[in-house]
Amino acid sequence: MKNSYGGQALIEGVMMCGKKNIAMAVRKSDGTISCQIEERHSITEKLPFLKWPFIRGTVNLVESMVLGFKSLTYSANESAESEEEELSTGELVFSVVLALVLGMGLFFLLPALLAHLTKNIVTTSLMQNILEGLIRVAIFIVYIVLISRMSEIARVYQYHGAEHKTIHAYENDVVLIPENCRPFTTMHPRCGTSFLFLVMIISIFVFSIVGVENMWWRLLSRIILLPVVAGISYEFLKFSSKHLDNPLVKALSYPGLMLQKLTTKEPDDEMLEVAIEALQQIRVIEEGITYTPKSTICSKDSIQEQKEEEIYDNLTKRTENEAQ
C-alpha cells in the first residue's frame, strides 16, 4: 500500500511530509541542493482524542501552518545562504497567530461585513450567506492572482507544481526522474488550495445556522464556527481524494482542482529534481528504500551517528589517560 505523502512549496524548494518526518530540499544559489530531515511531532501523540474526525481538521491546519513557517524560514536561509537564526517557539506562535488573524480578517470578517452592508437589498438570511460566500471566493481569487504577479511567488507556484507532479509519479509507480514526472498534472486532490476552497463553500452552509441581523454577532460567529468549518472540510477532502471515481464526488471536487490552476505552474526539470530529492529522502526513512542523494544531508540518523562517534572517542581517550 502506498504511503500518503503531502507537501508544500518553499522558496526555491519543496517540503515533503510523511507520517513521522519531513524533508526540506532547497536549490542553493550555487546550483546544489540542500536537504534537511526532521522528525515530525504532533500534539495528537499526547492527546489522542485530537485525532477524532471533525476535530483533526483544525489541529492539522494549525500544525501545518507551524511546519510551513519553519520550512519557509529554512528555505529562505538556504536559498540566500544567510546565517539567520531559526524562529524561536515564541516567534513561531506569533507568526501563526498573526497569519490566522489576518486570514480571518481578510477572508471571513471582511466578506461578512460587506455582505451585511447590503442587508436592505438582500434581505433573506440564505441569500445573505450566499452573497457572503461569493464575496469570500472573489477576494480569495483576486488575492491569489495579485500575489502571483510577484516573481518570487510565481516561482513558488512552479515548485508547487513540481511537488504535485512528483507525488503523482510516486503514486503511479514510475521511476522518480524529471522526465517521468513531467507529463503528470500540476493539480492534486489533496492540495491545500482545494481545502481552502472547500472551507469557503462549506462555510456558506455552516454560517447559515446563525442569524445575520446583528452585525457583531455575525462577525463573532464566523470566528467561533471556523473550527467546525475546518473539521468538515478536512473530512470531505480526505473522503473525496479516495473516491474521485464517483461522479458526484468528482463534480464537487472539480472547482477546487480548477482553482489549483492559479496556485500551480509548470515547473522546469531543476525544480522537479528538488521535489524528487525531498520525496526520496523521506522515503529512505519511512519506507527504507535505497537511494543515492544529490544533496547535502542533515538527518536525524547522521546526527545520531555523529553523537555516537563523539561518545566513543571521548571514552577511548579517557581510557588511554587512565592507563597512562
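Values in this text are rule-based calculations from the coordinates and carry no lab data. This one's a predicted model, so the numbers in the text were calculated from it and none came from an experiment. Counting neighbours? That spans all protein chains shown, and the Cβs are built from the backbone with ideal geometry, glycine included.
Just so you know, the averaged projected area of the alpha carbon convex hull for region 49-168 sits at 11.1 nm². The ranking of Asp269, Asp30 from fewest to most other beta carbons within 10 Å of each one's beta carbon is Asp30, Asp269. With each label modelled as a point 7 angstrom along the Cα→C-beta vector, the Lys46-Asn120 pair spans 5.3 nm.
Across the alpha-carbon set of the chain, the Rg to Rh ratio works out to 1.04, Rh being the Kirkwood radius. Against the empirical curve 2.2 N^0.38 Å, the C-alpha radius of gyration of region 1-115 lands at a ratio of 1.23. For region 1-141, lysine pairs separated by 8 or more sequence positions, or belonging to different chains, with Cα-Cα distances below 28 Å total 16. Net charge in the neighbourhood of Leu106 (other residues with Cβ under 15 Å of its Cβ; Lys, Arg +1, Asp, Glu -1) is +1.
Taking a point 7 Å out from the Cα of Ile144 in the direction of its Cβ, the residues of region 166-202 whose backbone N falls within less than 16 Å of it are 186-202. In this structure, Ile224 and Val66 have a Cβ-Cβ separation that, at R0 = 22 Å, corresponds to a calculated FRET efficiency of about 0.45. Excluding Thr193 itself, calculate the net charge of residues whose Cβ lies under 13 Å from the Cβ of Thr193, where each Lys or Arg counts +1 and each Asp or Glu counts -1. That works out to +2.
You can think of it this way: the chain between Glu91 and Met127 has 8.8 nm of extra reach, that is 0.36 nm per residue less the Cα-Cα gap. When the alpha carbon gyration tensor of region 1-47 is reduced to an equivalent ellipsoid, its three semi-axes come out at 25, 12, 9 angstrom, largest first. Residues with beta-carbon under 13 Å from that of Gly231, excluding Gly231: net charge, scoring Lys, Arg +1 and Asp, Glu -1? Local charge sum for Gly231: +2.
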